[in-house]
Amino acid sequence: MSYSEEHQREMEEISLYGYQEEVVQPALEGRNIIIWLPTGGGKTRAAVYVAKKHLESTPGAKVAVLVNKVHLVDQHYNKEFQPFLGGRHKILENSLRSAEEDRHVELTGFTLLIIDEGAPKPPGAQWSTSCRSVPTWMPRSSCLPRKLPENCRRRSPKPMKKYDIVNERLKDPFGDHLKWMMSEIHDFTAEKNIRMDFGSQEYEADVVLLEKQASVQGNRMLAQCARHLRQYNDALLINDTVRMTDAFQLLEEFYNREMERRIGLDDTDHFLFDLFRENKAKLQLLAALTQFENPKLEQLQKTLLDQFGGQNYSRGILFSKTRMSTHFLFDWVSANRPMQDAGIKAATLTGAGNQANHMTQKDQKQTIQQFREGALNLLISTSVAEEGLDIPECNLVVRYGLMTNEIAMQQASGRARAEDSKYSVVAQRGGQEVRREQTNEYLEELSKRAIAEVQSMDQLNFQQQVAELQRQNVISLQLAELQLEKMRTRCPASSFQLHCRLCNTAVAHGDDMQLIDGTHHVNINPHFEVYYKAGEKVHLDGPFKDWEPGCLISCANCGKEWGMEMIYKAVTLPNLAIKNFVLQSPGGRKPVKKWKDVPFRIEEFNYTDYVLKKFPDLL
């Protein structure tokens, strides 16, 4: 944003509380600061004040406000920056990473950076990577008030916290039958080096690792069984979170997709499909026995009705772990007559992305706006709503079946902004969730003591320690980059092969891959088309510059999904996700999650060269 006198008349005046003025004083003196205040204490307003003073006093000033959640962009602009700053502005999405010349932005062109919601992140994470080129972005002075004054505490009241504890489920015949089916799969694999604590997050981590190791070894049988075991474990987790019928639906939909898409079936596939077919009717029957339903749902219903069932108008956020659990909880709320009679109008809020089960950014914005206006009064959300969402009328936060750290706990609690708000933890008696929440409370107290220690530090000593931490962070990032670059120069891209992660067929070499706009990894080998088949059309929230989505693509040998076609300037190219392959290198085999981690260089896509080679008679 830039600043001119003609816009000063349009702007409201900013008035700060005394504690806010104390917080921002080092910034007004030209020093870098961290603004730390409790949720609702006015951090953003204080930052707006700094931006306004900077624009007024610095010739040619330009301010960049960096936000790590899409839904916070509109909130900050409409509620905070625009009323007080006016002026010209531009909202930029992913412009720091964009390779397109007309979209790319360098932070060195700005005179002031404001980084919002900068929760602690590991080296190389979002802000540290984006801001490395700006030597003064990290804090150099402590800006915490020595003691939070009473008016700050009144402006940011904490909700009343309570534990809504549920006794353990005494009988679970549906879950027990799922576990028996999982034991059958284990017997089929004869795999002994894995724990059998079905239905736990630890078991999920074990089978994810097992699938990874089996893919590296080219052991199709073990990799397939591990994939299916993970789906059964997901069903057990849903059975422990929502309804038995939801867990059955999750498993049924998985097998319907597999049976529809998979080709080239082997003995392992037939065993796994037959196991589900033979037990499907019994699972469906057991899932209908409501006397064995999840007892946590009854307590969750009571918690919600206690808040929404009276005459007072309420708004709340129900936090759950996964996208699929939020969708099943939404189905449960929508089908629950007492909650509908209480006037609960719910919607899900999950992370944005290009996958079919992700919300679009447009959907996110619309959902939050409806919640802000009161058209919705209950958000069923993943962690996406923990940071920064400012709804003053929100008076209920429920954490349901969550195991997170103390930062996520504090962030979630801060969404309850209204007076007399409630913060509920719905969990099983003696379960891991309760123990984790109590640990978080202890860690929260430790963080307060740590802050007090920092506040009491000598200023020079504080600056020296921060400067040393900065140096270490920059050095570690540069070393990691050097090591990756060294690795990429050892072997040419042509010496690497991509194998289908499911059937292990070798389908491409590293030098077949090229990069479009710094984001899309496409295979330019004209012979690659024999290895995949195109499926259904992909529908994404657009429009996109120079391209549009084509069809899903999958392995022609086994049906494993690989990615999608992208139609780039009228040319159709297969856009691959590296996580769906195993990389064969001169040094061995390994799976890779993201393209940025592959140990070879990927050249930029040259549109003209590609088109003229593919269509030599075009000109």
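The values are calculated or read from the model by the stated rules, or taken from the named source; none is laboratory data. This is a predicted model, so every value here is computed, not measured. Note that we place each Cβ from the backbone using ideal geometry, even for glycine, and neighbour counts take in every protein chain shown. Heavy atoms of the whole protein, side chains included, go into the accessibility calculation; ligands, DNA and RNA do not. Shrake-Rupley method; radii C 1.70, N 1.55, O 1.52, S 1.80 Å.
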remark   = Taking the alpha-carbon centre of each part, the distance from segment 34-74 to segment 275-315 in Å is 44 Å
query = Counting DSSP beta bridges in the chain, what percent are antiparallel, to the nearest 5?
reply = 50 percent
Burial ranking of peptide ranges 173-181, 52-60, 231-239 (average Cβ count within 10 Å, highest at the top) = 231-239, 173-181, 52-60
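Using a Förster radius of 25 Å, what is the FRET efficiency between residue 611 and residue 488 based on their Cβ-Cβ separation? Nearest 0.05, please.
Details: r = 28 Å, r/R0 = 1.11.
The computed FRET efficiency comes out at 0.35.
How charged is the neighbourhood of residue 485? Take every other residue with its Cβ under 14 Å from the Cβ of residue 485, and add Lys/Arg as +1 and Asp/Glu as -1. Don't jump to the answer; show the numbers that get you there.
Details: positive: 486, 488, 490, 596, 601; negative: 481, 597.
Neighbourhood net charge equals +3.
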query = Roughly how many Å is it from the Cα centre of segment 157-172 to that of segment 208-228, as a whole number?
reply = 37 Å
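Report the calculated FRET efficiency for residue 282 and residue 454 (r = Cβ-Cβ distance, R0 = 56 Å), to the nearest 0.05. Write down the numbers at each step before the final one.
Details: r = 60 Å, r/R0 = 1.07.
The pair residue 282/residue 454 has a calculated efficiency of 0.40.
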message = Can you give me the C-alpha center-to-center distance between segment 446-512 and segment 533-584, rounded to a whole angstrom?
response = 29 Å
request  = Note down the relative contact order for the chain as a percent, whole number, built from C-alpha pairs under 8 angstrom at least six residues apart.
outcome  = 13 percent
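With N denoting the number of residues in segment 432-557, provide Rg(C-alpha) divided by 2.2 N^0.38 Å, to two decimal places.
On the way: Rg = 25.2 Å, N = 126, 2.2 N^0.38 = 13.8 Å.
Output field value: 1.83.
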remark   = Mean Cβ-within-10 Å packing, highest first, puts peptides 444-452, 67-75 in the order 67-75, 444-452
request  = Any lysines with Cα under 16 Å of the residue 212 Cα? List them, leaving off those in the same chain fewer than 8 positions away.
outcome  = 560, 579, 590, 593, 594
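Evaluate the charge dipole of the chain about its Cα centre and quote only its size in Debye, nearest 20, assuming +1 on the Cβ of each Lys and Arg and -1 on the Cβ of each Asp and Glu.
Working: 78 positive and 82 negative charges, 165 e Å.
Approximately 800 debye in magnitude.
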For the chain: rounded, prolate or oblate by the Cα gyration tensor [a/c cutoff 1.5] = oblate
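Which FRET efficiency value, to the nearest 0.05, is calculated for residue 540 and residue 596 with the Förster distance at 22 angstrom and r the Cβ-Cβ distance?
E(calc), rounded to 0.05, equals 0.50.
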note = Heavy-atom accessible area of residue 188, protein chains in place, probe 1.4 angstrom, given in Å² to nearest 10, is 80 Å²
task = Would you be so kind as to identify all helices of the chain, as entire DSSP H runs, whose Cα atoms reach 30 Å or more along the helix's own axis and whose mean Kyte-Doolittle hydropathy is at least 0.0?
result = none
request  = With a ≥ b ≥ c taken as the square roots of the eigenvalues of the C-alpha gyration tensor of segment 544-607, please select rounded if a/c is under 1.5 and otherwise prolate if a/b is larger than b/c or oblate if it is not?
outcome  = oblate
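Where a ≥ b ≥ c are the square roots of the eigenvalues of the C-alpha gyration tensor, would you call segment 386-466 rounded, which needs a/c under 1.5, or, failing that, prolate if a/b is larger than b/c, or oblate?
Cα axes put segment 386-466 in the oblate bin.
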